[in-house]
Amino acid sequence: MDPHALIVLCLLGASLILFLTDSVRYDAVAIGVVLVLAATGTLSPARVAFQGFASPAVVLVASMYAFAAAVAKSGITERMGHHLIGDGSKGEAWLVVRVVVVAGLLSSVLSNAGVVATLIPVLAAVARRAKISTSRLLMPMAFGSLLGGMLTLIGTSKNIAVNGVLNEAGATPFGLFDFTAFGAVLLAVGALYFLWPGRRLLPTGVVATSLTERYHVPQFVTEVQVEPNSHLIGRQVTAVDDFARFGITLLGLVRDQAGRAVVEPSPYNRIQAKDVLVLQGEPDAIVALRNELGLHQSVTDSVNKHLDGEGVQLVEAVVPAWSRLNGRTPREADFRATTGLNVLAISKTDFVSPREIADTRLEVGDVLLIQGDPRDIARIRDERRLIVMGELAGDRNGRPGRTLALLGGVLLLALLGMDLAVAALGGALGLVLFGCVSPDDVRRGIDWSVLILIGGMLALGKAFDEHGLSAALAHGIHEAGGAVEHPHVLLLLLLGATLLLTQTINHVAAAVIMTPVALSLASELGLSDRPFLMAVLAGAEFAFMSPVAHQANAMVMGAGEYRYRHFLKAGTPLTVILVAVSTMLIPVFWPFVAA
């Protein structure tokens, strides 16, 4: 075997392992792939390995993130979601169907992750009003957003990345609406699936009670009163190191000051006799602290009021895919100092002990129970640090009319023949110039790890094709078809291979790796490449059986209280149905023999 081909295979194998184990961030994996390809001369000259980062695909994806930031700032998606989804008064079945369809339509022009981030708080509010569990809505919403990615070329970064591979290979790229009709059929099938059989496979969950009860806050938060002989009297709040020594967090200091309660301890507050301290920690630790510092249990039962009342708010917040908290602990992120908010609980696969909160490494989809001033909560929502599930009052200062006009202009220019990446970049510049979004908002809104992943995977895909591995794998798929020699069987095998790859690694990586294989398979058979490319696009879109297969799935894990088995249970039948539908319809829309 060609030594360079062996290097590419080793890189592919190592990438699969790292993606599957999630031991290294996938953007770091992509950079490592590019470095190895350049350093070993597998892609020569070295600059060829770096060309993926400057590809039109990367420019287009970055530009669409700018539109997503502008749409989020203007509140367009939230208002559309509230209006189109309704209040659930027509029953759960039709509510779920509407959720799938609305998520799909929004995802046709916005990123999947952005749509999911916007609709999580909308659906949380709808679930509370309709008195149903959020677990009945969030998974269908995530699946609908994935299916919506097949409605247009810009529906998902995976489509754009595949077009980048086609441009590199000199093949005809897809147009903006080339597979809209096919995508609409898939979205309709997904909606009908959740009308009856799929809805029965969703976890039942429980209807949300108060947040303090759901997160078992009363077990770990209590109020104590400062006795007249306590040595805490006269000391500044920040000067008391006894709280940290016992692993306890001071959440609030309650005192009657001209009829007002101080609920956020300022560094300048000095503790006085009869102050009530709201403490968070293990019960045994709080008892030990009380005995040592001269405190006694408060006679009032007002923990809930002081955690969520006048001047302070208690909300759930989800860690999104683009959050800087991803992979860090609250202590490492200095969460309380930078946000002014307290983390009372963390929901992963189970609730985290208060003693472990500060040092718990956060992941996409984790849910934080946070408490603090409503203005601070609104700020982290507007800055998109977290997805706040509470309904917050607040003005949106974007320009929805201009944002929609610029998005429509981009689509129109693309239809008239302008290069889509050029039109989108011009539209993104227009967003900034017309005040729809600030440059800082754009920088924060871009998921840089996705851009790096696309650039790195384009280099790997090019090396895979250049050293004959695409042709070899295509020949293997051809041989696997055996004596049948029927293009439908080969299309199914290609779709299935892409599908299985997507469940274990990022969908963008799966699509980029399999696209050259589709081109080689079509060439070997002497058939049109369109049906085989659509098999790759569809297989990479059906990321329903695992929460790690797509960011949209990961982002609803905590909020919906899902486990891996829930995705496997509800996602597998949907995947089988969609594979069967795709295998039948792809050759209808794109015949094997080009006209």
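Taking the Cα centre of the stretch 449-590 as reference, the dipole from Cβ charges on Lys and Arg (+1) and Asp and Glu (-1) amounts to some 480 debye.
Taking only the Cα atoms of the stretch 427-519, the ratio Rg/Rh comes out at 1.20, with Rh defined as the Kirkwood radius. Note that the stretch 23-38 has calculated 3J(HN,Hα) couplings of 7, 9, 4, 5, 6, 5, 4, 4, 5, x, 4, 4, 4, 5, 4, 6 Hz, one per residue in order, obtained from phi through the Karplus relation 6.51 cos²θ - 1.76 cosθ + 1.60 (θ = phi - 60°); glycine and proline are x. Entry note, the stretch 96-191: relative contact order of 37 percent, from Cα contacts under 8 Å with a spacing of 6+ residues. Shape of the stretch 11-63 from its Cα gyration tensor (a ≥ b ≥ c, root eigenvalues): rounded if a/c is under 1.5, otherwise prolate when a/b > b/c, or oblate? Oblate.
Each Cα pair under 8 Å and six or more residues apart adds its sequence gap; the mean of these over the residue count of the chain is a relative contact order of 20 percent.
Model label points for VAL593 and ASP359, set 7 angstrom from Cα along the Cα-to-Cβ axis, are 7.0 nm apart.
Modelled spin labels at GLU282 and ASP241, positioned 7 Å past Cα toward Cβ, are 2.2 nm from each other. For the pair ASP2 and ARG331, the difference between a 0.36 nm per residue extended length and the Cα-Cα distance amounts to 113.5 nm. The phi-based Karplus calculation (6.51 cos²θ - 1.76 cosθ + 1.60; θ = phi - 60°) puts the 3J(HN,Hα) values of the stretch 11-21 at 4, 4, x, 5, 5, 4, 5, 5, 5, 5, 7 Hz, whole numbers, x for Gly and Pro. Converting phi to 3J(HN,Hα) with the Karplus coefficients 6.51, -1.76 and 1.60 and the offset θ = phi - 60°, the stretch 335-346 yields 4, 5, 5, 7, 10, x, 10, 9, 9, 8, 7, 10 Hz in sequence order, with x at every glycine or proline. Set against the labelled values (i) 34.1, 128; (ii) 24.8, 75; (iii) 26.5, 93, Rg and Dmax of the Cα atoms in Å computed from this structure falls on (iii).
Here the spin labels are modelled as points 7 Å beyond Cα on the Cα-Cβ line, and at GLU383 and SER546 they lie 3.5 nm apart. For LEU344, nonlocal amide neighbours, meaning residues 5 or more places apart or on other chains whose placed amide H falls under 5 Å from its own, are LEU369, ILE370, GLN371. About the centre of its Cα atoms, the chain shows a dipole size close to 980 debye [charges on the beta carbon of Lys, Arg (+1) and Asp, Glu (-1) only; nearest 20 debye]. For the stretch 51-165, the square roots of the Cα gyration tensor eigenvalues, ordered a ≥ b ≥ c, give a/c of at least 1.5 with a/b greater than b/c, which places it in the prolate category.
We did not get these values from a lab; they are worked out from the coordinates using the rules stated. Given the structure is predicted, the values throughout are model-derived calculations rather than measurements. Neighbour counts are summed over all protein chains in view; Cβ atoms, including those assigned to glycine, are modelled from backbone coordinates with ideal geometry.
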